[in-house]
Amino acid sequence: MNPVILSIETATTNCSVSLSKGGETLVLKEDYDTSYSHAERLHVYIDTVLKEAEVPLTAIEAVAISKGPGSYTGLRIGVSAAKGLCFALGKPLISIATLEALAHQVKCDEGVIVPMLDARRMEVYSAVFDANHNQIRATEAQVLDESAFSSYLEKGKVYFIGNGVEKTKTLISHPNAVFVENKLPSANEMGLLAFNKYKISDTEDVAYFEPYYLKDFVAMKPKKN
């Protein structure tokens, strides 16, 4: 079974689209821009990857979408496009956790991986994964300070990746901290994750699926006295 899956990543400024077969990326198109251009570029990129792979739209078996957390507007645009394709083609929708896909950009033999996306002020959306990309701490919105991730840093290497790295570097100077800079979530890592979900029919209800904004966690965070 080698399904062709279209993956869409719009959680940050990187407008990214990939086409994969059996979990292997065939074509990747992304811009790694510093501004949001999803509304203008997303459908162009979808057309581009299909043409470059010489695969008709009707041949895809599923659409995978990066579900968040991330930019509210970016996620809305990506999810709307993915839903539209699923409805039109009668294909399943697969959601991929944005931070999980981002963590897969780091290859390491030991230590932990902390994918993090910039939120507001000194806040980031983050999760923690082990070296085998198994999630060991839930996704949460957290305010950074000098002691952030200290329990992991004291045990071994901690690989920080994502656009939350810049603000993290200003606070954490531990020798075990490794900052993987200039990396954003990409559709390139989504193909394999989507393939694994497709094999076990782990799909979403297209009509009711909503992005994972993590907004409630931010809104309900108690104020410090």
Handout entry: Among Gly23, Gly191, Ala101 the positive-end extreme of the charge dipole of the chain (Cβ point charges)
Key = Ala101
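Computed over the Cα atoms of segment 61-105, what is the ratio Rg over Rh, Rh following Kirkwood? Walk me through the numbers on the way to the answer.
On the way: Rg = 11.0 Å, Rh = 10.9 Å.
Using Cα coordinates only, the ratio equals 1.01.
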Practice task
Using Cα positions and a limit of under 20 Å, work out the aspartates and glutamates in reach of Lys155, with same-chain residues fewer than 8 apart set aside.
Solution key: Asp109, Glu110, Asp130, Asp145, Glu146
Problem - segment 106-180 - percent relative contact order, Cα under 8 Å, separation 6 or more - result: 33 percent
Completion exercise
Taking the alpha-carbon centre of each part, the distance from segment 73-100 to segment 18-69 in Å is 11 Å
Practice task
Classify segment 1-107 as rounded, prolate or oblate from the Cα gyration tensor: take a ≥ b ≥ c as the square roots of its eigenvalues, call it rounded if a/c is under 1.5, otherwise prolate when a/b beats b/c and oblate if not.
Solution key: rounded
Practice task
Could you work out, for segment 121-163, what percent of all Cα-Cα pairs fall into each 5 Å distance bin, beginning at 0 Å and stopping at the bin that holds the largest distance?
Solution key: 5, 18, 30, 32, 12, 3, 0
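Beyond a 22 Å Cα-Cα separation, which of these cross-linked pairs lie in this structure: Lys67/Lys199; Lys91/Lys197; Lys107/Lys199? Write out the running numbers ahead of the final one.
Values: Lys67/Lys199 19 Å; Lys91/Lys197 14 Å; Lys107/Lys199 24 Å.
Pairs exceeding the cut-off: Lys107/Lys199.
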Exercise for the section: Among DSSP beta bridges lying fully in segment 106-180, give the percent that are antiparallel, nearest 5. Expected result: 60 percent
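Kindly rank 72-79, 198-205 from highest to lowest mean number of other beta carbons found within 10 Å of each residue.
On the way: 72-79: 19.5, 198-205: 13.2.
Averaged packing, sorted descending, gives the order 72-79, 198-205.
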Fill in the blank from the handout: Cα-based Rg then Dmax for segment 106-180, in Å, read 11.1, 33
Practice task
Based on the mean of other Cβ atoms within 10 Å per residue, sort peptides 119-126, 158-165 so the most packed one is first.
Solution key: 158-165, 119-126
Fill in the blank from the handout: Kirkwood Rh over alpha-carbon pairs of segment 33-163 plugged into Stokes-Einstein at 25 °C, 0.890 mPa s gives a D in µm²/s of 147 µm²/s
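Where in the chain are the DSSP H helices whose C-alpha atoms run 15 Å or more along the long axis and whose mean Kyte hydropathy is at least 1.0? Walk me through the numbers on the way to the answer.
Working: long enough: 38-53 (23 Å, -0.20); 72-89 (26 Å, 1.02).
Within the chain the helices that satisfy the rule are 72-89.
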Fill in the blank from the handout: Taking only the alpha-carbon atoms of the chain, the convex hull volume per residue, in cubic angstrom, is 122 Å³
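Every number here is computed from the coordinates shown, using simple stated rules; none is lab data. Since the model is a prediction, treat every value here as computed from it, not as a measurement. Here Cβ is always computed from backbone atoms with ideal geometry, including for glycine, and neighbour counts include all displayed protein chains.
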